[in-house]
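Everything on this sheet refers to the single structure shown next.
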Amino acid sequence: MRKLILLIVLGLAVGALFGQLMMSVPGYWLVRVGDTSYQTSFWFGLVILLALFIVLHFALRVLMRMTRPVSRFKVWNARTRNRKAMKRTVRGLVALAEGRWKRAEKALVKAADDSSTPLVNYLSAALAAHYQGRYEQADTLLKRAHLSTDGADPAVGMMQAQLMLDRQQYEEALAVLTRLDRHLPRHPQVLKQLKQAYISVSDWEGLRRLLPRLADQQLIAREEREALELQAYSELIMRETRNPEDVDRVRNLWADMPEHLRSNVDLIVLYTEALVRGDQQVIAERLLRHSLKDHWDSRLVLRYGLLDVDASRQLVTAEKWLQERPNDPDLLLTLGRLALRNAYWGKAQEYFEASLRQRSSGVVCAELARLYANLGEHNKSQLYYRQSVELLDKSLPSLPQPSDAQQAAQA
């Protein structure tokens, strides 16, 4: 309402100003053609000239349109076809979302040539063909998508890689993704697909180098990253362990490892085995000794007793641990083995028997049986041997035995 009142007031003001000009600026127009003359006031003549100009302008525009009917028809036809193509594209995308692959492919391909976004049509149609199991047709549609739009390489490449991953063509997908990663090193979708491809082909080195990039862009949860890091480093260490001459590569791998993984007991055990195989037992002893200060674990204790380094110093170190854990059966077993390596037969016997008092163990009984046999005490050796067999027998699965079959036959 306020705007209307303002427009009325403004119109009255302009009218008053125009009237004032007409009164203050008199004049006339005189047009003479032959013996005929036309005379009118200046302002009325000005209005007539303006009207003639407007009429002439619109007349020229109409004439120009009439001189280009074919081009105008082509524009109209193109717009009409584009509108129809957009409707078909929408129907195709809806069918794709509903899982009606054949209908989706047909609608999307038919609308592609007239669509303003042919890339979307061909990529979606390729996906529909892929879901039908028509892989060759899907590849053909991807090629048409590549030709339809300039700069379509990344989109087509990512779609191609995803379809290859779905078909379990992991090596081919990895080749495509590696090429894309060189041109788009920070693209989120490329990085996610690379993670899937590396895991599928067991490329643990590639995955190890990829995980920090995923974390930098917050493309992976903390729990998943830690689990994949553990798996990647475990696999890499086990692979390098098969080649003892490459122990330096294992050490470099350990140095590159995130700090939180260097306290993982499973990795410590694997790394220790790699060091032992590579004749680096001194480093392995130092690793286990430092690790046991922060992370006491029976696997590390038992492995410490099997190292062949400085047996006397190892025994002193382990006896210090015994002061803090006097009833640890695994530590007592390790002390017995270290005592054997120092030729302390009586002390070894005491440690083994102390370990057996804390926990029944077939391994400890076997150690005692072997020790007593070498000491010439065969009765005790046989006793512990039978105990070791009985303890090991209890850990075996329940399976039919010859004695059971004989009893069944007699019955």
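One Cα centroid belongs to region 227-243, the other to region 292-371; the line between them spans 29 Å. The residues of region 106-256 expose on average 53 square angstrom of accessible surface per residue, using a 1.4 Å probe on protein heavy atoms. Computed from Cα atoms, the angle from the helix 69-97 axis to the main principal axis of the chain rounds to 30 degrees.
Averaged over its residues, region 269-403 has an accessible area of 56 Å² per residue, based on protein heavy atoms and a 1.4 Å probe. Evaluating 6.51 cos²θ - 1.76 cosθ + 1.60 at θ = phi - 60° for every residue in region 288-294, the Karplus couplings come out as 5, 4, 5, 5, 5, 5, 9 Hz, glycine and proline recorded as x.
With r as the distance between the Cβ atoms of ARG262 and ARG242 and R0 = 30 Å, compute the FRET efficiency 1/(1 + (r/R0)^6) and round to 0.05.
0.85
Calculated FRET efficiency, GLU223 to GLN358, Cβ-Cβ distance, R0 = 41 Å: about 0.65 to the nearest 0.05.
Per-residue 3J(HN,Hα) values for region 201-218, derived from phi via the Karplus relation 6.51 cos²θ - 1.76 cosθ + 1.60 with θ = phi - 60°, read 9, 6, 8, 6, 5, x, 5, 4, 6, 7, 4, x, 5, 5, 5, 4, 9, 6 Hz in sequence order (x marks Gly and Pro). Given in Å, the Rg to one decimal and the Dmax to the nearest whole number for the Cα atoms of region 194-330 are 17.1, 52. Within the same chain, lysines fewer than 8 places from LYS320 are excluded, and of the rest, those with a Cα less than 18 Å from its Cα are LYS293, LYS347. If a spin label sat at a point 7 angstrom from the Cα of ALA155 along the line to its beta carbon, the backbone N atoms of region 189-219 nearer than 17 Å would be those of 189-190.
Using a 1.4 Å probe over the heavy atoms of the protein chains, calculate the carbon and sulfur portion of the accessible area of the chain as a whole percent.
Working: 14680 of 26280 Å².
Percent of accessible area from carbon and sulfur atoms in the chain: 56.
Straight-line reach from LYS110: taking Cα to Cα under 23 Å and skipping same-chain neighbours fewer than 8 places apart, the lysines in range are LYS74, LYS84, LYS87, LYS102, LYS143. For the options ALA112, ALA354, ALA161, a Gaussian network treatment of the chain with springs between C-alpha atoms closer than 10 Å singles out ALA354 as fluctuating the most.
Model label sites at LEU4 and ARG299, defined 7 Å from Cα along the beta-carbon direction, differ in position by 8.6 nm.
To the nearest 10 degrees, how steep is helix 153-166 against the longest Cα principal axis of the chain, on a 0 to 90 scale? So the inclination is approximately 40 degrees.
State the label only: which of [x] 0.99; [y] 2.07; [z] 1.10 corresponds to Cα Rg over 2.2 N^0.38 Å computed from the shown model? So the calculated entry is the one marked [y].
Based on the Cβ-Cβ distance from ASN252 to LYS84, what FRET efficiency comes out when R0 is 60 Å, to the nearest 0.05? Don't skip to the end; give the middle numbers.
Values: r = 63 Å, r/R0 = 1.05.
Rounded to the nearest 0.05, the efficiency is 0.40.
If the segment from ARG103 to SER116 were pulled out straight at 0.36 nm per residue, it would be longer than the present Cα-Cα gap by 2.6 nm.
Relative to the present Cα-Cα distance, how much length would full extension add between GLU205 and LYS380 at 0.36 nm per residue of separation? The partial results should precede the final answer.
Values: separation 175, 0.36 × 175 = 63.00 nm, distance 5.32 nm.
Contour length minus the Cα-Cα distance gives 57.7 nm.
Only aspartates and glutamates eight or more places from LYS192 in sequence, or on another chain, were considered; those with a Cα closer than 19 Å are ASP153, ASP166, GLU171, GLU172, ASP181, ASP203, GLU205, ASP216, GLU223, GLU224, GLU226, GLU229. Per-residue 3J(HN,Hα) values for region 107-118, derived from phi via the Karplus relation 6.51 cos²θ - 1.76 cosθ + 1.60 with θ = phi - 60°, read 5, 5, 5, 5, 8, 5, 5, 9, 7, 7, 10, x Hz in sequence order (x marks Gly and Pro).
Rounded to the nearest 500, what is the 222 nm mean residue ellipticity of the chain from helices alone, with -39500 (n - 2.57) per DSSP H run of 4+ residues and division by all residues? Walk me through the intermediate numbers first.
Numbers: 21 runs with 316 residues, N = 411.
Theoretical 222 nm ellipticity from helices: -25000 deg cm²/dmol.
The values are calculated or read from the model by the stated rules, or taken from the named source; none is laboratory data. In this text the structure is predicted, and so the values were computed from the model without any measurement. Don't worry about glycine lacking a Cβ; one is built from the backbone with ideal geometry, like all the others, and counts go over all protein chains shown. In case anyone asks, the SASA skips ligands and DNA or RNA and just uses the protein heavy atoms, side chains included. Shrake-Rupley method; radii C 1.70, N 1.55, O 1.52, S 1.80 Å.
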